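*Asks:* Structure below; questions to follow.
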Amino acid sequence: SAGRASPPGRLLGWRNKPQQRDPCVAALAHPESVAALAVSRTRIVAGAGKAVFVYDAGTEELLEELECTANVSSVAVFEDETGAGWIAAGCEDGTLKVWMQVPQPARYLTSPNLSAPTLAAASLELKAEKQSAHSGTIWSVGFSPDGKTIVSGSSDDTLKVWDAGASA
């Protein structure tokens, strides 16, 4: 019928839906919420529940699951040019744990996804476990640029500086 306008149509614009490939290259599932994360040249380190999960950064392969005394609230990783270094975890019960990462240079991986051969594995050895390092949850932990110092921060309103090599 002439003179009658049709009802206005709704035009939906999906501005949040990308038209290109999803940039997420891996999804690593855990048994509990991931509360902490750190990344180095060769490692991805995640704290979930009462464990620290260590992955190879090039292959996303789970290398180690390290047990803790309480829920992990913070993690840090330090790695030198040889692949040697440290992994630290702070827990809700105030415990600070430190593992030494020793490269195994005899085993190298090559892959079309890697620009250069990378260490296939590293041995992780518990070097220190300081129970009651803080009287509250350790919310943050980090390494100095040279890897010789660990700094932890807690809900007990303190920041503590530790010698990373003291127990090595």
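The values are calculated or read from the model by the stated rules, or taken from the named source; none is laboratory data. None of the values given here were measured: they were computed from a predicted structure. Cβ placement follows ideal geometry from the backbone for every residue including glycine, while neighbour counts extend to all protein chains displayed. Calculation scope for accessible area: heavy atoms of the full protein, side chains included, ligands and nucleic acids excluded. Shrake-Rupley method; radii C 1.70, N 1.55, O 1.52, S 1.80 Å.
*Asks:* Which condition number does ALA70 fail, the rest of (1) at pLDDT below 95; (2) part of a loop (DSSP other than H, G, I, E, B) being met?
*Replies:* Just one mismatch for ALA70, condition (1).
*Asks:* Can you find, within the stretch 131-159, the residue that is farthest from TRP86 (Cα to Cα) among those that are part of a loop (DSSP other than H, G, I, E, B) and open to solvent by less than 20 Å² (accessible area, probe 1.4 Å)?
*Replies:* Checked the stretch 131-159; the qualifying residue farthest from TRP86 (Cα to Cα) is GLY136.
*Asks:* For the stretch 63-72, name all the residues that are touching a residue at least 24 places away in the same chain (Cβ under 8 Å) and open to solvent by 10 Å² or more (accessible area, probe 1.4 Å).
*Replies:* LEU63, GLU64, LEU66, CYS68, THR69, ALA70, ASN71
*Asks:* Then there's this: Could you list all residues from the stretch 73-94 that are under 24 Å from ASP146 (Cβ atoms), touching a residue at least 12 places away in the same chain (Cβ under 8 Å) and not in a strand (DSSP E or B)?
*Replies:* The answer is ASP80, THR82, GLY83, ALA84.
*Asks:* Can you name the residue in the stretch 18-38 that is of a type in the set (Gly, Ala, Ser) and open to solvent by 80 Å² or more (accessible area, probe 1.4 Å) and, of all such residues, is farthest from LEU96 (Cα to Cα)?
*Replies:* Taking the candidates together, the pick is ALA27.
*Asks:* While we're on this one: For residues that are touching a Phe, Trp or Tyr at 6+ places or on another chain (Cβ under 6 Å) and more than 15 Å from GLU129 (Cα to Cα), scanning just the stretch 77-100, find the one that is least open to solvent (accessible area, probe 1.4 Å).
*Replies:* Selected residue: GLY85.
*Asks:* Still on this model: So which residues in the stretch 41-60 are assigned to a loop (DSSP other than H, G, I, E, B) and at pLDDT 95 or above?
*Replies:* Once the filter is applied, which keeps residues that are assigned to a loop (DSSP other than H, G, I, E, B) and at pLDDT 95 or above, the stretch 41-60 yields GLY49, LYS50.
*Asks:* Mind counting the residues in the stretch 145-161 that are among the hydroxyl-bearing types (Ser, Thr, Tyr), free of Cβ contacts under 8 Å to residues at least 24 places away in the same chain and within 19 Å of VAL45 (Cα to Cα)?
*Replies:* Number of matching residues: 1.
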